[in-house]
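The values are calculated or read from the model by the stated rules, or taken from the named source; none is laboratory data. Because the structure is a prediction, the values reported are computed rather than measured. Counting neighbours? That spans all protein chains shown, and the Cβs are built from the backbone with ideal geometry, glycine included.
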Amino acid sequence: MRRYPTPRRRLRAPGVGTVLKWALLGAAALVMLVPLYIMVINAFKPQEAIISSPLAIGPDTFSLEYLQAALTSEKFNVVRAYGVTLLFVALVNVFGIALAAPVAYVIARGRSKWHLGLLLLFVSGLFIPGQVTLIPVVFVLRVLGLINTIPGFILFETAATLPVTIFLFAAYLRTVPRDIDEAAALDGAGKIRAFWACIFPIMRPVVATIVVLNSISVWNDFVSPQIILGPGSGIYTVTTGVYAAVGEFSTDYTTVFPTLLLAVTPAILFFVLMQRHIIGGLVAGATKG
């Protein structure tokens, strides 16, 4: 029996588009990672080494004393700031989801133009920068007696999360079959009970996405707590605590870099661990049903 030689597969050289894509991605990653690299290595170096060689680190310049000094600093109690910020993150997530989920359910199940108009009303909040609304918000909170208070800050942050939360919830709920609502109604459950008992447990992917996005947003927010809470309240989040510890004209880099590292490390770790939930929640609505 005659054997024919097996045809060899030709290796295709990467196209110009592929090379350009990876070059752009590499450049973007470099732009993002270089500042992070500088912050991390300079958090363990003395002032002279930071100024003379900010991009290099060696065993002769590496020291943990600056990070330990930042942890025990009297100007910035990092443990207390972590606790305060985590409390704000938890409350904003709970109140935001509790308010947005029923509203999104009504919008997703509605068939009239009023429901679409209600969705557009909430989504329009995405086009208004939060800093623009701070002046009227401060005025309203002052009239209500909530300025420089934790309830006032939680109220503002919760309202700021509603547009994107309602938008994602409504988009996901439109992919959930209405048969679930009908089955719950046949079992004698009202609309409120049907939603919280039958529909809301199905929303876990998009709820996880919202929790990640809102948590990072509240953790990194600086302008809102600085203005609404104010330095006079004595309540410092991680970002406002860093600002108070570093100072406006501070040049002591052995305080600046360790304090910044302590502030951003939890947010980075949280994002790395939960990043798959962001993509999973965003695409769940497109692939479900």
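Residues of the stretch 224-242 include none that is surrounded by fewer than 18 Cβ atoms within 10 Å (Cβ to Cβ), touching a Cys at 6+ places or on another chain (Cβ under 8 Å) and more than 23 Å from Leu121 (Cα to Cα). Scanning the stretch 34-56 for residues that are within 27 Å of Trp219 (Cβ to Cβ) and either part of a helix (DSSP H, G or I) or in contact with a Lys or Arg (Cβ under 8 Å, 6 or more places away or on another chain) (or both) yields Val34, Pro35, Leu36, Tyr37, Ile38, Met39, Val40, Ile41, Asn42, Ile50.
Taking the condition of being in a loop (DSSP other than H, G, I, E, B), in contact (Cβ under 8 Å) with a residue 12 or more places away in the chain and under 19 Å from Pro35 (Cα atoms), how many residues in the stretch 57-76 meet it? Here the count works out to 2.
This table checks each residue for (1) surrounded by fewer than 17 Cβ atoms within 10 Å (Cβ to Cβ); (2) farther than 30 Å from Ala244 by Cβ; (3) in contact with a strand residue (DSSP E or B) (Cβ under 7 Å, 6 or more places away or on another chain); (4) without any contact (Cβ under 8 Å) to a residue 24 or more places away in the chain.
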| position | (1), (2), (3), (4) |
| --- | --- |
| Val78 | no, no, no, no |
| Ala81 | no, no, no, no |
| Gly96 | no, no, no, no |
| Ala104 | no, yes, no, no |
| Arg109 | no, yes, no, no |
| Leu121 | yes, yes, no, yes |
| Ile135 | yes, no, no, yes |
| Leu144 | yes, no, no, yes |
| Ala159 | no, no, no, yes |
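Determine whether the stretch 108-130 contains at least one residue that is closer than 23 Å to Gly232 by Cα, among the small types (Gly, Ala, Ser) and touching a helix residue (DSSP H, G or I) at 6+ places or on another chain (Cβ under 6 Å). The answer is yes; a qualifying residue exists.
Of the helices (runs of 4 or more DSSP H) that lie entirely inside the stretch 122-221, those containing 1 or more residues that are within 17 Å of Phe95 (Cβ to Cβ) and among the β-branched types (Val, Ile, Thr) span 134-144, 150-173, 204-220. In the stretch 178-200, the residues that are assigned by TED's automatic domain parsing to the domain that holds Ala108 reach residues that are not in a helix (DSSP H, G or I) with C-beta atoms within less than 7 angstrom, at least six apart or across chains, in these pairs: Ala197/Ala189; Ile199/Val176. Determine if the stretch 92-114 includes at least one residue that is of a type in the set (Gly, Ala, Ser), farther than 18 Å from Trp219 by Cα, in the same structural domain as Thr158 (by TED's automatic domain parsing) and not in a helix (DSSP H, G or I). Yes, because at least one residue in the stretch 92-114 is of a type in the set (Gly, Ala, Ser), farther than 18 Å from Trp219 by Cα, in the same structural domain as Thr158 (by TED's automatic domain parsing) and not in a helix (DSSP H, G or I).
Only one of the listed residues (Asp252, Asp187) is out of contact with any Phe, Trp or Tyr (no Cβ under 9 Å at 6 or more places or on another chain) and closer than 25 Å to Ala81 by Cβ. That residue is Asp252.
Of the residues in the stretch 241-254, not one is closer than 21 Å to Val40 by Cα, within 15 Å of the chain's Cα centre (by Cα) and hydrophobic (A, V, I, L, M, F, W, C).
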